[in-house]
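Student: The structure's right below; bear with me while I get my questions together.
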Amino acid sequence: MAKFSGRAWKFGDDIDTDQIYPGKYLPLTDKAEMAKHAMEGVEGSEKFLKGVKKGDILVALKNFGSGSSREHAAIAIKGAGIDVVIAKSFARIFYRNCINTALPVLELPEADEIEEGDVLEVDVENGDVFNKTKNKRYKAKPVSGLEMEIMKAGGLIPYLKLKGGNV
């Protein structure tokens, strides 16, 4: 669960949850249908929606996921095939929604050095990011032990069930 390799899709600063998953799709509940609209509100999303494949990696700059607190944005990104999201910084609620839906996230100050199409190898547990295209290594802020446990369990609800909670 902790190691991924894939092609980078690059997005900029201040991408909010309405851009990641536009509000007009909130009535959808099927995760496959939700995935068809991931990043739809961002300029250039047509290329992403047509080209994203299972195992790809989303890279963004500052304040990724600002806006509403709904989990739909993380669910849509994960459903589209994205294995991990790397950004210079995340909006706090979006970051937590990613953990709760078992979508790995890493904060990487040098995310701006990664270009769309670069092939990355990512070890979420220790924060290692290797850009195979540029032969360059980075050290991201690793997720906490509890966050890793939640993601390994498949998200917050499965984690709580494992711990004996009545969910």
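What follows is calculated from the coordinates using simple rules that are stated; it is not laboratory data. Since the model is a prediction, treat every value here as computed from it, not as a measurement. With ideal geometry, Cβ positions are generated from the backbone for all residues, glycine too; neighbour counts draw on all protein chains shown.
Student: For the range 47-58, enumerate the residues that are of a type outside the set (D, E, K, R), surrounded by fewer than 23 Cβ atoms within 10 Å (Cβ to Cβ) and closer than 21 Å to E107 by Cα.
Tutor: Within the range 47-58, the first condition is being of a type outside the set (D, E, K, R), and the residues that meet it are 48-49, 51-52, 55, 57-58.
Right, trim to surrounded by fewer than 23 Cβ atoms within 10 Å (Cβ to Cβ) and you get 48-49, 51-52, 55.
Correct list: G55 only.
Student: Filter the range 1-27 for residues that are touching a His at 6+ places or on another chain (Cβ under 8 Å) and among the hydrophobic types (A, V, I, L, M, F, W, C) and give the result.
Tutor: Going residue by residue through the range 1-27, those that are touching a His at 6+ places or on another chain (Cβ under 8 Å) are 17, 21-22, 25-26.
Across the range 1-27, the qualifying residue is only L26.
Student: For the range 93-129, how many residues are part of a helix (DSSP H, G or I) and either touching a helix residue (DSSP H, G or I) at 6+ places or on another chain (Cβ under 6 Å) or closer than 14 Å to T17 by Cβ (or both)?
Tutor: Step one: filter the range 93-129 for residues part of a helix (DSSP H, G or I), giving 93-100, 111-113.
Applying the additional criterion that residues be either touching a helix residue (DSSP H, G or I) at 6+ places or on another chain (Cβ under 6 Å) or closer than 14 Å to T17 by Cβ (or both) yields 93-100.
Matching residues across the range 93-129 total 8.
Student: I'm trying to understand the selection: among the residues of the range 126-155, which are of a type in the set (G, A, S) and either surrounded by 16 or more Cβ atoms within 10 Å (Cβ to Cβ) or touching a Gly at 6+ places or on another chain (Cβ under 9 Å) (or both)? Let's see the steps before the verdict.
Tutor: Narrowing the range 126-155 to residues of a type in the set (G, A, S): 127, 140, 144-145, 153-155.
Passing the criteria: G127, A140, A153, G155.
Student: Further, regarding this structure: What residue, among those in the range 26-46 that are exposed (fewer than 14 other Cβ atoms within 10 Å of the Cβ) and not charged (D, E, K, R), is farthest from the chain's Cα centre (by Cα)?
Tutor: Result: P27.
Student: Out of (1) surrounded by 18 or more Cβ atoms within 10 Å (Cβ to Cβ); (2) in contact with a helix residue (DSSP H, G or I) (Cβ under 8 Å, 6 or more places away or on another chain); (3) touching a residue at least 40 places away in the same chain (Cβ under 8 Å), what's the single condition that is false for L61?
Tutor: (1)
Student: Looking only at helices (runs of 4 or more DSSP H) that lie completely in the range 15-92, which have at least 3 residues being closer than 26 Å to A140 by Cβ and touching a Leu at 6+ places or on another chain (Cβ under 9 Å)?
Tutor: Numbers: elements: 17-20, 31-35, 45-51, 72-79.
Where helices (runs of 4 or more DSSP H) fall fully within the range 15-92 and carry at least 3 residues being closer than 26 Å to A140 by Cβ and touching a Leu at 6+ places or on another chain (Cβ under 9 Å), they are 72-79.
Student: Give the range 102-130 a look and list any residue that's in contact with a Leu (Cβ under 8 Å, 6 or more places away or on another chain), free of Cβ contacts under 8 Å to residues at least 60 places away in the same chain and not small (G, A, S), or say none.
Tutor: Residues of the range 102-130 in contact with a Leu (Cβ under 8 Å, 6 or more places away or on another chain): 111-112, 114, 122, 124, 127, 129-130.
Narrowing further to those that are free of Cβ contacts under 8 Å to residues at least 60 places away in the same chain: 111-112, 127, 129-130.
Hits for the range 102-130 are D112, V129, F130.
Student: Okay, moving on. Can you tell me which residue within the range 8-34, out of those that are of a type in the set (D, E, K, R) and touching a residue at least 40 places away in the same chain (Cβ under 8 Å), is farthest from R96 (Cα to Cα)? Even if it seems obvious, please write down each step before you answer.
Tutor: Taking the range 8-34 as the starting set, the residues that turn out to be of a type in the set (D, E, K, R) are 10, 13-14, 16, 18, 24, 30-31, 33.
Cutting the leftovers down to touching a residue at least 40 places away in the same chain (Cβ under 8 Å) gives us 10, 13-14, 16, 18, 31.
Numbers: K10: 21, D13: 19, D14: 17, D16: 15, D18: 17, K31: 19 Å.
Only one residue fits best here, namely K10.
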